[in-house]
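A.B. asks: Attaching a single structure in structure tokens format; questions to follow.
The values are calculated or read from the model by the stated rules, or taken from the named source; none is laboratory data. Quick caveat, the model's predicted, so the values are computed rather than measured. Every residue, glycine among them, receives a Cβ derived from its backbone with ideal geometry; neighbour counts consider all protein chains shown.
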Amino acid sequence: MGVELPVWGRVVKSNGVVPFEVLDCTGEPIEPIRRYLHDFQAQGRRPGSVRSYAYDLLRWWRWLHVIGVEWDRATSAEVRDFVLWLQRAPKQRRAARTKSAATVGTINPITRKQYLTDHYQPRTVRHSNAVLRSFYEFWLERNGGPLVNPVPQDRRGRRRPNAHHNPLEPFRPEGRLRYNPPVPKRRPRAMPDQHWEALFAALRSDRDRALLSMVISNASRANEVLGIRCADVDWGDQVVRVRRKGTDAEQWLPASAEAFVWLRLYLDSVGPLQPSDPIWWTLRRRRQGTAELARRPLDYDALRAVLRRANEVLGTNWTMHDLRHTCALRMLRDQNLSLRDIQVILGHVHLSTTQLYLEEEPEEVIRRVHEHLVARREAGRQQPVPVAIPAPGYNAQDLAVLFGRTDG
């Protein structure tokens, strides 16, 4: 589809109750989105989720602005065309690619992982549909917006929805969203030991070595490890306290002795910190306004820059989530740990999510089959080759000349 969305409106940080707001082209908040995000924030959502929902709703508003349809007059036809556009259109970028332009969508020969493409992935489309569905459900409950949710559910082949509904309980949503594209199944993959050693050697500072050593030893997520404060480190028991994604629940996780050694070396170079201070800080001091030069807490963008610099040296495209997968698969191969133990460390609510790591990696299967073939070949060399006795009527010397066998 040849529709190009204009740069209309923007998402900005806010100092109010809601951490992010969506503004129109005149700089005024878009009222329907503002009220929805207030309700969304009241449900205890994290700032990252509010930001993600705000950008999805801004993209939907830009689409409505192009096709000339008011938000409360949208139908499933507009949502269908919007999904078709997302599946074909390139992403909107603030600046053109530079170094990464040559690798867009290609496969890295070392990691065998695909680089990010310039098009929206199926998970992004499904998330956009879920956001729009939730947004219009909010307004339908308040007798606003269209009469029917424009993001329909597909119930074909299912029984009648809420057939045995209890009138004392709210209706439960049933069925998948109609325009959700299928998501290809991905297997968790471990980083080979030699690649981890190469990545660790490419790191430039004790801070980076401490951070990545901690992640590969306790499988914490990027936002979880970045939220660790000085009071969250127990040096005696060698555990750290993280706040879990989604639930924000506190949990102590073990870390390797090497991670604590690098953490001690890094903190000695930073200087004294308060118990409430984060442990990860930028190495360079920068000036903010008229203030003096000072370090800033390490954020997600700065952490991505750490891996980007190491990847440029190695010619790879490793991510922080690769370290989490590597730690999970290493623990899974340890017979002293149960699947329940791994579920607790990974912070999975359901055991079925942890069971995804039980699927064998194709590379690991190929490696074991190669070892099996080599073992059979070595065993065959050690056994004496039986000497065949010619059948009556055949000359042994003629057979030796024919098949190239020499006796003695």
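A.B. asks: Against the definition (at pLDDT 90 or above and either assigned by TED's automatic domain parsing to the domain that holds D322 or farther than 24 Å from D248 by Cα (or both)), how does E31 come out, yes or no?
C.D. replies: yes
A.B. asks: Can you tell me which residue among L265, L273, L323, L303 is touching a helix residue (DSSP H, G or I) at 6+ places or on another chain (Cβ under 7 Å) and farther than 22 Å from N223 by Cα?
C.D. replies: Selected residue: L265, the only one of L265, L273, L323, L303 that is touching a helix residue (DSSP H, G or I) at 6+ places or on another chain (Cβ under 7 Å) and farther than 22 Å from N223 by Cα.
A.B. asks: Could you figure out which of (1) of a type in the set (G, A, S); (2) surrounded by 13 or more Cβ atoms within 10 Å (Cβ to Cβ); (3) over 20 Å from S256 (Cα atoms) isn't true of A291?
C.D. replies: A291 satisfies every listed condition except (2).
A.B. asks: Residue by residue through the stretch 199-217, note down the ones that are in contact (Cβ under 8 Å) with a residue 40 or more places away in the chain, touching a Ser or Thr at 6+ places or on another chain (Cβ under 8 Å) and closer than 27 Å to E361 by Cα.
C.D. replies: Within the stretch 199-217, L199, S213, M214, I216, S217 meet the criteria.
A.B. asks: Can we say P182 is touching a helix residue (DSSP H, G or I) at 6+ places or on another chain (Cβ under 7 Å), more than 24 Å from G347 (Cβ to Cβ) and modelled with pLDDT under 95?
C.D. replies: Here the answer is yes, as P182 does meet what is asked.
A.B. asks: Only one of (1) closer than 16 Å to A202 by Cβ; (2) charged (D, E, K, R); (3) within 14 Å of the chain's Cα centre (by Cα) is not met by E312, so which one is it?
C.D. replies: Here E312 meets the rest and fails (3).
A.B. asks: Restricting the search to the stretch 9-31, which residues are touching a helix residue (DSSP H, G or I) at 6+ places or on another chain (Cβ under 9 Å), surrounded by 14 or more Cβ atoms within 10 Å (Cβ to Cβ) and outside any strand (DSSP E or B)?
C.D. replies: Within the stretch 9-31, G9, V18, P19, D24, I30 meet the criteria.
A.B. asks: Right, another one. Can you tell me which residues in the stretch 120-155 are of a type in the set (F, W, Y) and more than 27 Å from the chain's Cα centre (by Cα)?
C.D. replies: Y136, F138, W139
A.B. asks: Here's something else I'd like to know. Which of (1) exposed (fewer than 14 other Cβ atoms within 10 Å of the Cβ); (2) under 20 Å from the mean Cα position of the chain (by Cα) does R286 not meet, given it meets every other one?
C.D. replies: (2)
A.B. asks: In this structure, does D193 turn out to be of a type in the set (D, E, K, R) and farther than 20 Å from Y357 by Cβ?
C.D. replies: The answer is no for D193.
A.B. asks: Let me confirm something: among T98, T75, which residue is farther than 26 Å from L177 by Cβ and out of contact with any Leu (no Cβ under 6 Å at 6 or more places or on another chain)?
C.D. replies: On the way: T75 fails: farther than 26 Å from L177 by Cβ.
Exactly one residue qualifies, and that residue is T98.
A.B. asks: Scan the stretch 332-357 for residues that are free of Cβ contacts under 8 Å to residues at least 12 places away in the same chain and of a type in the set (G, A, S) and report the count.
C.D. replies: Adding up the residues that qualify gives 2.
A.B. asks: A further question on this structure: Please enumerate the residues belonging to the stretch 250-308 that are in contact (Cβ under 8 Å) with a residue 12 or more places away in the chain, farther than 23 Å from D234 by Cα and not in a helix (DSSP H, G or I).
C.D. replies: L283, R295, R296 - these are the residues of the stretch 250-308 that are in contact (Cβ under 8 Å) with a residue 12 or more places away in the chain, farther than 23 Å from D234 by Cα and not in a helix (DSSP H, G or I).
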